[in-house]
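Asks: Okay, handing you the structure first.
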Amino acid sequence: MPNNEDLKEVAKLFFKLGSIAFGGPAAHIAMMEDEVVKKRKWITPQHFLDLVGATNLIPGPNSTEMTMHCGHEKAGWKGLIVAGFCFVFPAVTITMLFAWLYQQYGQLPKVDPFIYGIKPAVIAIILGAVYRLGKKALKNVQLGILGAYTLIACLFGANEIVALFACGFLGLLLYFFENNKNNLNSFTPLVVLQLSVTPSTLKILWTFLKVGALLYGSGYVLFGFLDAELVSTGLLSRQELIDAVAVGQFTPGPVLSTATFIGWQLGGFWGAIAATVGIFLPSFVFVAILNPFVPKMRKSKVVSAFLDAVNIAAVAVIIAVCVAMGQDTLTDWRTIVIAMVSILCVFIFKKVNSAFIVIGGALLGFVLTLF
């Protein structure tokens, strides 16, 4: 049974991560791996990798769902709820503040000098996690080949989810080819979730609940959904959506806190609450259902073969994200210097906390922009 100290430790860790986790899902997972596997040893590297792979196969924001898995491993179902809530809370609170300022003044504050150095530092953190996760995922030559094909496919624009599933099924085919067995165990947890609220917030809640229950891949896919659901129907202007995207980029934590900003524009404070609950609630349900199955999946040789292939594919997807971030971020000598210094810190000073890497990158970026 989890005790209050365990819950406090979960709350403190994921509140901290939610406050400093810039850079998107790949960066968030890298920071979690550093804190939960490397430093605190709540989870073995293999189990963490299995959770990453399994989380990629269900709808919802991957990094937020990973916080819930990690919380569950430390403190049971209460830990699941506490970890998810504490990770989301800082981003939602900051986003609400920006949403109120935007509604009052019609524009966003200038924050570029303060985040200039964060992304190069985050790239270093991701590379550190890729190295550690990749060593665990790369179990044989066949998996290495599958991972290489997945990386190439993603770099050439293949859908991440399609690539993950394709790699998983190729892993299954290799297993059957080598073992000539046919005893696949499967599970398909399906959840249909409906909530009723007052008419003033029902449409907002239902819109974001649908997105939260159907959204696959990174949170950036969200914007396509919202363009169809809100902009094309005239409920939101495209400029408001673009500004919402910007808020998601420069606030820490999950990019889906964008929903909070949009909810505020549509319905004030309670609209923001409805949108936030709608976008994140399905993830709590999906993770609660999925978590007990992951160890059972690992015990089945057939499902284990699928999961091994998905794991190496997940590492390949993270590398592809890192490459894309590098192309967008490393555009001048300043960002290259920040990235190199951060990489040295990650690989040489291995005990340095990822939070200090992020803070150091931000400070170095701010100083270099003065020159």
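The values are calculated or read from the model by the stated rules, or taken from the named source; none is laboratory data. Owing to the predicted nature of the structure, the values given are computational and were not obtained by experimental measurement. Here the Cβ is made from the backbone with ideal geometry for all residues, glycine too, and neighbour counts use every protein chain on show. Note: areas computed on protein heavy atoms with side chains; ligands, DNA, RNA excluded. Shrake-Rupley method; radii C 1.70, N 1.55, O 1.52, S 1.80 Å.
Asks: Expressed as a rounded percentage, what relative contact order does the chain have, with Cα pairs under 8 Å and six or more residues apart?
Replies: Numbers: 574 pairs, mean separation 118.2, N = 371.
Relative contact order here is 32 percent.
Asks: Of the accessible area of the chain, with the probe set at 1.4 angstrom, what percent is carbon plus sulfur? Could the numbers behind the result be given before it?
Replies: On the way: 11560 of 17130 Å².
Roughly 67 percent, rounded to a whole number.
Asks: Something else about it: Check cross-link reach from Lys119 to the aspartates and glutamates: straight Cα distance under 15 Å, and skip same-chain residues fewer than eight apart.
Replies: Of all the aspartates and glutamates, those that pass the test against Lys119 - Cα under 15 Å, at least 8 places apart if same chain - are Asp328, Asp332.
Asks: To continue, here is another question. Using the Karplus curve 6.51 cos²θ - 1.76 cosθ + 1.60 with θ = phi - 60°, what ³J(HN,Hα) values do you get for each residue of region 298-310, in whole Hz, with x for Gly and Pro?
Replies: 3J(HN,Hα) across region 298-310, in whole Hz: 5, 6, 7, 4, 6, 5, 4, 4, 4, 5, 4, 5, 5.
Asks: Run the simple label-point estimate for Asn179 and Tyr105 please: 7 Å along Cα→C-beta, distance reported in nm.
Replies: Each label point lies 7 Å from its Cα, and together they span 6.0 nm.
Asks: Under a crude label model (7 Å from the Cα following the beta-carbon direction), how far is Ala228 from Ile145 in nanometres?
Replies: Placing both labels 7 Å along Cα→Cβ, they lie 3.7 nm apart.
Asks: Here's a follow-up. Evaluate the charge dipole of the chain about its Cα centre and quote only its size in Debye, nearest 20, assuming +1 on the Cβ of each Lys and Arg and -1 on the Cβ of each Asp and Glu. Kindly include the intermediate steps, with their values, before the conclusion.
Replies: Working: 26 positive and 19 negative charges, 205 e Å.
Taking the Cα centre of the chain as origin, the dipole is about 980 debye.
Asks: Hey, another quick one. Would you work out which of Val255, Leu13, Trp42 lies farthest towards the positive end of the dipole of the chain, given +1 charges on the beta-carbon of Lys and Arg and -1 on that of Asp and Glu, about the Cα centre?
Replies: Checking the options against the dipole of the chain, the answer is Trp42.
Asks: Now for a separate question. Would you mind computing Rg(Cα) / (2.2 N^0.38 Å) for region 3-96, counting N as its residues?
Replies: Details: Rg = 12.1 Å, N = 94, 2.2 N^0.38 = 12.4 Å.
That ratio works out to 0.98.
Asks: Average the reciprocal distances over every distinct pair of alpha-carbons in region 1-52, invert the result, and give the Kirkwood radius in Å.
Replies: After inverting the mean inverse Cα-Cα distance, the result is 11.8 Å.
Asks: Just checking my list (1) 201; (2) 143; (3) 156 against volume of the Cα convex hull per residue in Å³ computed from this structure; which label fits?
Replies: Only one listed value fits the structure, namely (2).
Asks: Which lysines does Lys38 reach when only Cα atoms under 19 Å apart count, and residues fewer than 8 places away in its own chain are ignored?
Replies: Straight-distance partners of Lys38: Lys12, Lys16, Lys74, Lys135, Lys136, Lys350, Lys351.
Asks: Please list, in chain and number order, the residues 5+ apart from Gly117 or on another chain whose amide H is under 5 Å from its amide H, with Hs placed from the backbone.
Replies: Those qualifying (amide H under 5 Å, at least 5 residues apart or on another chain) are Gly365, Phe366.
Asks: Residues of the chain: accessible area per residue at 1.4 Å, in Å²? If you can, show how the numbers build up before the last one.
Replies: Values: 17130 Å² over 371 residues.
I get 46 Å² per residue for the chain.
Asks: Calculate one ³J(HN,Hα) per residue across region 233-243 by plugging θ = phi - 60° into the Karplus curve 6.51 cos²θ - 1.76 cosθ + 1.60, and present them in order as whole Hz with x for glycine and proline.
Replies: After applying 6.51 cos²θ - 1.76 cosθ + 1.60, I find 9, x, 6, 9, 7, 5, 5, 4, 5, 4, 5 Hz.
Asks: A further question follows. Among residues other than Asp227 whose Cβ falls under 15 Å from its Cβ, what is the net charge (Lys/Arg +1, Asp/Glu -1)?
Replies: Values: positive: Lys210, Arg238; negative: Glu229, Glu240, Asp243.
Every neighbour counted, the sum reads -1.
Asks: Pop out the ³J(HN,Hα) list for region 280-294 in order, Karplus 6.51 cos²θ - 1.76 cosθ + 1.60 with θ = phi - 60°, rounded to Hz; leave Gly and Pro as x.
Replies: My calculation for region 280-294 gives 9, 4, x, 5, 4, 5, 4, 5, 4, 6, 6, 3, x, 7, 4 Hz in order.
Asks: Using only Cα atoms, what is the ratio of the radius of gyration of region 50-152 to 2.2 N^0.38 Å? Before the final figure, lay out the partial values.
Replies: Working: Rg = 18.6 Å, N = 103, 2.2 N^0.38 = 12.8 Å.
Normalised by 2.2 N^0.38 Å, the Cα Rg of region 50-152 equals 1.45.
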